[in-house]
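Working notes, beginning with the structure itself.
Laboratory data are not the source of any read-out in this text; all were calculated from the coordinates shown. Being a predicted model, the structure only gives us computed values, none of them experimental. Ideal geometry is used to build each Cβ from the backbone, glycine not excepted, and the neighbour counts take in all protein chains shown.
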Amino acid sequence: MLVTQFKTGRKPDGAQLLSLHPTQGKGIDIALDTRLLHILCKLVQEAVGKAEWDLALKLVPEAPPPGPEARPPRLN
């Protein structure tokens with residue numbers, strides 16, 4: 001399967017959802033807990049390094065949900 005589209009999201013139980021789809025036909029949806037998500041990211045980082053694609057793939061910490069004191073971003 002040649003993946004041409006992917007989406008990420010979160011299931012109601014908190015698991016991360018990764019959807020991989022080709023241009024035509026059926027794709028796959030994978031639910032990952034935090035441990036499996038990090039393992040998959042590590043595998044992708046290693047594959048990108050071996051492929052010499054000159055990409056820096058880094059994990060970015062997820063921002064906590066906004067609290068009642070959170071303000072909307074300001075536009076300058």
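For the range 8-32, what are the residues that are closer than 21 Å to residue 58 by Cα and exposed (fewer than 12 other Cβ atoms within 10 Å of the Cβ)?
8, 9, 10 - these are the residues of the range 8-32 that are closer than 21 Å to residue 58 by Cα and exposed (fewer than 12 other Cβ atoms within 10 Å of the Cβ).
Pairs, please: C-beta under 6 Å, at least 6 apart or cross-chain, first residue free of Cβ contacts under 8 Å to residues at least 12 places away in the same chain and in the range 38-58, second among the aliphatic types (A, V, I, L, M) and surrounded by 12 or more Cβ atoms within 10 Å (Cβ to Cβ)?
That search, which allows pairs on different chains as well, returns 48/57; 55/48.
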